[in-house]
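Engineer: Below you'll find the structure I mean.
The values are calculated or read from the model by the stated rules, or taken from the named source; none is laboratory data. Note that this is a predicted model, so its numbers are computed, not measured. Positions of Cβ are backbone-derived with ideal geometry, glycine not excepted, and every protein chain shown enters the neighbour counts. SASA here: full protein model, heavy atoms, side chains in, ligands and nucleic acids out. Shrake-Rupley method; radii C 1.70, N 1.55, O 1.52, S 1.80 Å.
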Amino acid sequence: MAGSNPNAKPMDLTLKVWRQKDRNSPGQMVTYPLKGISPDMSFLEMLDVLNEDLLRKGEEPIAFDHDCREGICGMCSLFINGRAHGPERGTTTCQLHMRHFSHGETITIEPWRAAAFPVHKDLIVDRSAFDRIQQAGGYVSVNTGGVPDANEIPIPKSIADKAFDAATCIGCGACVAACKNASAMLFVSAKVSQLAMLPQGKTERKTRAENMVAQMDIEGFGACTNTGACAAECPVGISLENIAMLNREYMGAKLTSENVAS
Amino acid sequence: MILDSKIPEGPLAEKWEKHKFDMKLVNPANKRKYDIIVVGTGLAGASAAATFGELGYNVKAFCFQDSPRRAHSIAAQGGINAAKNYQNDGDSVFRLFYDTIKGGDYRAREANVYRLAQVSVNIIDQCVAQGVPFAREYGGLLANRSFGGAQVSRTFYARGQTGQQLLLGAYSAMNRQIAYGKVKMYPRTEMLDLVTIDGQARGIVVRNLITGQIESHSAHAVVLATGGYGNVFFLSTNAMGSNATAAWRAHKKGALFANPCFTQIHPTCIPVSGEYQSKLTLMSESLRNDGRVWVPKTVETAERLRKGEISVNDIAEADRDYYLERKYPAFGNLVPRDVASRNAKLVCDEGRGVGSTGLAVYLDFADAIKRDGQPAIAAKYGNLFEMYAKITDENPYERPMRIYPAVHYTMGGLWVDYNLMTNIPGLYAAGEANFSDHGANRLGASALMQGLADGYFVLPYTIGDYLARLPYDKVSVDHPAFKEAEQAVIAKNNQLLAINGTRTVDDFHKALGQIMWDYCGMARNAEGLTFAKQEIRKLRDEFWRDVKVTGVNEELNQTLEKANRVADFLELGELMVDDALNRSESCGGHFREESQTPENEALRDDENYTYVAAWEFTGVGNEPVLHKEELKFENVKLTQRSYK
Ligand SMILES: Cc1cc2nc3c(=O)[nH]c(=O)nc-3n(C[C@H](O)[C@H](O)[C@H](O)COP(=O)(O)OP(=O)(O)OC[C@H]3O[C@@H](n4cnc5c(N)ncnc54)[C@H](O)[C@@H]3O)c2cc1C
Ligand code: SF4
Ligand code: FES
């Protein structure tokens with residue numbers, strides 16, 4: 001059964017993959033030759049093929065995170081040939097297809113590297129820091145029920161669209177992995193901007209910016225030096241404008257908030 | 001066992017109001033004395049956990065992903081229905097109710113569906129208040145579209161990412177409760193058993209997916225919001241981890257499983273491309289608003305196309321068969337999913353399918369692009385077109401998409417009463433995990449609605465009514481019932497690890513999927529189903545003899561996780577076949593070849609099958625016991641569904 005491209009020839013590849021038993025063990029790169037990979041396979045299907053081979057040989061398969069395989073859940077990761085989510089721009093690893101690699105190529109696969117994302121096993125890292133940052137303020141404080149009719153909060157389409165763009169962050173962590181400082185500014189700014197732009201989020205905008213940034217620092221993410229590497233590797237195109245907005249929000253909060261001691 | 005649906009008395013439109021008044025309340029100061037476990041934090045679970053927390057209960061929530069934000073709900077594309085009638089086009093609570101009952105081919109409860117339509121309007125208000133960025137018109141008000149065969153525009157959407165935005169809304173509400181300490185979240189934790197004491201649900205046994213540790217959690221009530229079981233088929237539009245384990249293990253502890261054979265096969269998915277295929281990708285049904293479905297008129301043209309002798313754009317208009325428009329002039333390309341899927345299968349079975357495998361039909365946007373211009377089409381469907389291009393390496397602006405039906409949603413699930421409680425007191429099921437609202441076929445944009453209705457607006461009331469009658473006393477996890485359940489879980493894991501056979505878990509899963517697809521898929525018949533039952537049993541025996549699971553329990557072990565899930569699919573698959581065999585009528589997504597009209601449409605048998613089939617577990621390999629809940633229709637007249 002051929003896919004969309006019946007002439008595509010199977011490829012042979014060499015994989016160099018990071019293997020690490022658990023958080024406390026040292027890891028190393030291990031080399032695996034792989035034959036007959038269809039260019040129509042997704043990158044993760046290619047790893048499935050390798051894992052099935054390993055299993056049949058009684059070896060431990062390579063652990064990697066994935067779930068939706070549609071580019072939306074943000075569960076897949078992988079640092080491929082030195083790039084977060086691989087060589088294709090605007091693409092998560094699960095949506096990356098083997099047609100972007102060539103026969104005979106050596107592919108290196110590593111986990112996200114960041115102090116705030118410790119490795120659980122092989123290619124799986126702990127991204128719970130992201131959840132804790134959201135818990136610090138990534139919400140509008142409304143309880144279920146007792147809210148106004150949806151159309152009583154009109155929002156200009158241009159603003160709704162911009163807020164939507166920021167809201168599409170999938171929480172994958174590629175921005176952190178791509179940044180030499182392992183900063184989480186793009187991730188944090190996406191939520192802060194989304195809610196700061198919308199009338200529903202305005203009431204809490206100051207405390208939200210302060211608290212989320214504070215949590216980001218506690219988690220050990222690095223400082224932002226505006227290199228833009230994050231946005232370049234973000235699979236859903238979260239824009240650097242959000243970081244500018246976060247900076248404005250944060251400065252504004254610092255200047256006028258009663259919540260900040262200093 | 002008598003199945004009591006606990007449908008309140010009174011006129012349909014007043015049942016829920018009246019019931020809310022009749023239910024007992026827990027005093028605000030006493031809510032903190034009750035603990036609730038919520039397994040699953042997709043739309044149904046996250047919305048429930050957040051709301052329970054807001055009300056003051058102590059909540060423990062569990063999911064198997066690394067974050068609750070990644071539940072499979074995130075992948076929903078098209079939208080969410082609500083009877084807001086913002087478009088002034090004739091929608092109403094009653095019409096949404098009627099469409100849903102009819103769409104489900106009269107196999108759902110009137111009272112549940114009516115309540116769903118009623119609370120649908122609150123959901124939109126709630127989500128907007130949370131900051132969910134729904135699509136808007138230039139005037140700043142919310143936009144709607146018509147979806148999945150509805151003749152009114154009642155679907156709210158956020159580009160092609162509605163599920164993502166709704167889930168992130170529920171996730172944010174839950175995060176707020178986590179920050180307050182009212183919800184404790186356990187990610188990367190999988191429920192492997194339900195614990196009942198004196199017939200009541202009192203807790204769960206879980207495996208920590210990082211360390212392998214087996215732990216117990218006790219509570220006053222347990223909610224399962226663990227999603228659907230479409231992955232029985234191996235290939236489906238579900239996420240890779242979607243599974244039936246929580247629901248199935250509750251079933252083995254006594255919870256009835258209802259209508260397991262009701263599976264939705266979605267008409268517009270990207271076709272299978274090779275043996276390595278790990279999942280199927282949905283192309284949102286909204287595409288059928290502008291795309292036209294066709295195949296070549298003749299088998300000869302289709303053959304030349306498949307061999308690559310001609311290309312799709314060479315086929316003249318006169319040689320194309322827009323079969324949905326031809327057969328269903330009133331609904332055309334917008335017929336409900338089950339009808340669209342079955343017709344795609346029919347034309348492919350005739351040999352008129354396209355693509356190299358012949359298992360695909362075209363979804364063509366050429367006319368829409370001519371009419372509205374490429375930018376307008378891109379604005380509506382840009383992300384879907386991009387996804388299609390990424391996967392297939394073909395440009396859908398230039399040539400029609402190739403699509404084929406794929407398993408998408410399971411209408412069946414744990415049996416629940418009007419309060420969403422299973423037959424085990426204290427055990428609730430919500431979202432796709434229950435069977436309640438979609439009958440034999442779910443309409444587009446109705447699952448998101450149901451998940452959030454259950455979590456935000458139904459469970460928070462009904463669970464209070466149950467808890468208000470319970471003493472505050474907590475059960476310790478040292479209770480023998482917990483220890484026993486833990487031991488059983490450990491023993492099962494050890495057994496899986498000890499087999500050390502020759503075939504991989506995926507191997508078995510694929511083999512099961514093939515049996516299910518061939519005999520319990522888009523068309524079913526008695527002979528095939530009887531054969532499938534034997535095949536599944538053989539495969540299950542072989543699994544327990546010959547599966548290979550590497551590693552140990554005390555580590556992150558993805559093979560062991562999968563093995564547990566596939567072990568359950570191998571049992572559930574048989575029950576689906578039993579149910580399909582029992583229901584010798586056709587209805588909705590369940591098409592029995594023995595029961596069709598001369599035009600090959602599904603033929604219901606209302607006299608004999610107007611019931612919910614709720615199955616009781618009696619042991620692996622034993623015949624399950626069927627309990628029937630008769631469905632009463634007092635407000636709609638049962639008609640043969642027609643979309644002509
Ligand atoms: C591609 C796609 C598109 C769709 N588009 C639409 C649409 O446009 N409109 C619409 O209305 N519906 C749509 N649906 C259907 C809809 O998305 C789902 O039915 C719905 O989101 C299910 O929500 P849920 O909360 O019940 O379950 P899920 O979102 O599946 O969540 C299940 C939760 O349970 C957890 N879980 C499962 N098992 C265990 C266990 N054993 N232990 C611990 N945790 C467990 C998971 O971690 C997860 O948190 C779509 C479905 C798919 C596949
Ligand atoms: S900002 Fe982009 S790269 Fe960073 S987590 Fe969000 S989606 Fe991923
Ligand atoms: S697996 Fe969900 S985004 Fe890649």
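Engineer: Tell me which residues, restricted to the stretch B:607-644, are crowded, with 16+ Cβ neighbours inside 10 Å and among the acidic types (D, E).
Structural biologist: Within the stretch B:607-644, B:E616, B:E629 qualify.
Engineer: Which of the residues belonging to the stretch B:225-243 are within 8 Å of ligand 1 (Cβ to nearest atom) and either open to solvent by less than 20 Å² (accessible area, probe 1.4 Å) or more than 25 Å from B:S67 (Cβ to Cβ) (or both)?
Structural biologist: Once the filter is applied, which keeps residues that are within 8 Å of ligand 1 (Cβ to nearest atom) and either open to solvent by less than 20 Å² (accessible area, probe 1.4 Å) or more than 25 Å from B:S67 (Cβ to Cβ) (or both), the stretch B:225-243 yields B:A225, B:G228, B:G230, B:S236, B:T237, B:N238, B:A239, B:G241, B:S242, B:N243.
Engineer: Might you check whether a residue that is away from ligand 2 (no atom under 16 Å from the Cβ), without any contact (Cβ under 8 Å) to a residue 12 or more places away in the chain and within 21 Å of A:T256 (Cα to Cα) occurs anywhere in the stretch A:180-202?
Structural biologist: Yes, the stretch A:180-202 contains at least one residue that is away from ligand 2 (no atom under 16 Å from the Cβ), without any contact (Cβ under 8 Å) to a residue 12 or more places away in the chain and within 21 Å of A:T256 (Cα to Cα).
Engineer: Go through the residues of the stretch A:74-86 one by one and say whether even a single one is of a type in the set (F, W, Y) and more than 16 Å from ligand 2 (Cβ to nearest atom).
Structural biologist: No, the stretch A:74-86 contains no residue that is of a type in the set (F, W, Y) and more than 16 Å from ligand 2 (Cβ to nearest atom).
Engineer: If you don't mind, there's one more thing I want to ask. Out of the stretch B:184-215, which residues are of a type in the set (K, R) and within 13 Å of B:H479 (Cα to Cα)?
Structural biologist: B:R202
Engineer: What are the residues in the stretch B:194-211 that are farther than 16 Å from B:P471 by Cβ and polar (S, T, N, Q), if any?
Structural biologist: Result: B:T196, B:N208, B:T211.
Engineer: So, one more: Using beta carbons and a limit of 7 Å, which pairs, at least six apart or on different chains, have the first residue in the stretch B:203-218 and surrounded by 24 or more Cβ atoms within 10 Å (Cβ to Cβ) and the second one of a type in the set (D, E, K, R)?
Structural biologist: Close Cβ pairs satisfying both conditions: B:I204/B:D193; B:V205/B:D193; B:V205/B:E486; B:V206/B:E190; B:V206/B:E215; B:R207/B:E190.
Engineer: Every residue in the stretch B:428-446 that is within 8 Å of ligand 1 (Cβ to nearest atom) and either within 14 Å of another protein chain (Cβ to nearest Cβ) or in contact with a helix residue (DSSP H, G or I) (Cβ under 7 Å, 6 or more places away or on another chain) (or both), please.
Structural biologist: Of everything in the stretch B:428-446, those that are within 8 Å of ligand 1 (Cβ to nearest atom) and either within 14 Å of another protein chain (Cβ to nearest Cβ) or in contact with a helix residue (DSSP H, G or I) (Cβ under 7 Å, 6 or more places away or on another chain) (or both) turn out to be B:A430, B:G431, B:E432, B:A433, B:G444, B:S446.
Engineer: Which number in (1) on the phi < 0 side of the Ramachandran plot; (2) in contact (Cβ under 8 Å) with a residue 60 or more places away in the chain; (3) facing chain B (nearest Cβ under 9 Å) marks the one condition that A:V176 misses?
Structural biologist: (3)
Engineer: Then there is this: Among residues belonging to the stretch B:492-548 that are among the β-branched types (V, I, T) and open to solvent by 40 Å² or more (accessible area, probe 1.4 Å), point out the one that is nearest to B:S278 (Cα to Cα).
Structural biologist: So the residue we want is B:T502.
Engineer: On to the next question. Limited to the stretch A:142-173, what total is found for residues that are assigned to a loop (DSSP other than H, G, I, E, B), surrounded by fewer than 16 Cβ atoms within 10 Å (Cβ to Cβ) and at negative phi?
Structural biologist: 4
Engineer: Exactly one of (1) open to solvent by less than 20 Å² (accessible area, probe 1.4 Å); (2) closer than 30 Å to B:G589 by Cβ; (3) of a type in the set (G, A, S) is unmet by B:G131. Its number?
Structural biologist: Result: B:G131 passes all but (2).
The rows are residues; the columns are (1) within 16 Å of ligand 2 (Cβ to nearest atom); (2) in a helix (DSSP H, G or I); (3) open to solvent by less than 20 Å² (accessible area, probe 1.4 Å).
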residue	(1), (2), (3)
B:A46	no, yes, yes
B:A61	no, no, yes
B:R69	yes, yes, yes
B:Q77	no, no, yes
B:L96	no, yes, yes
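Engineer: Any residue in the stretch A:33-55 that is of a type in the set (D, E), away from ligand 2 (no atom under 16 Å from the Cβ) and part of a loop (DSSP other than H, G, I, E, B)?
Structural biologist: yes
Residues are listed down the side, and each one gets a yes or a no for (1) in the same structural domain as B:Y611 (by TED's automatic domain parsing); (2) open to solvent by less than 10 Å² (accessible area, probe 1.4 Å); (3) in contact (Cβ under 8 Å) with a residue 60 or more places away in the chain; (4) more than 20 Å from B:R109 (Cβ to Cβ):
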residue: B:G431; (1), (2), (3), (4): no, yes, yes, no
residue: B:A453; (1), (2), (3), (4): no, yes, yes, no
residue: B:L459; (1), (2), (3), (4): no, yes, yes, no
residue: B:L467; (1), (2), (3), (4): no, yes, yes, yes
residue: B:Y472; (1), (2), (3), (4): no, no, yes, yes
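Engineer: Taking into account only those residues within the stretch B:181-224 that are among the basic types (K, R) and in contact with a helix residue (DSSP H, G or I) (Cβ under 8 Å, 6 or more places away or on another chain), which is farthest from the other protein chains (Cβ to nearest Cβ)?
Structural biologist: B:R202
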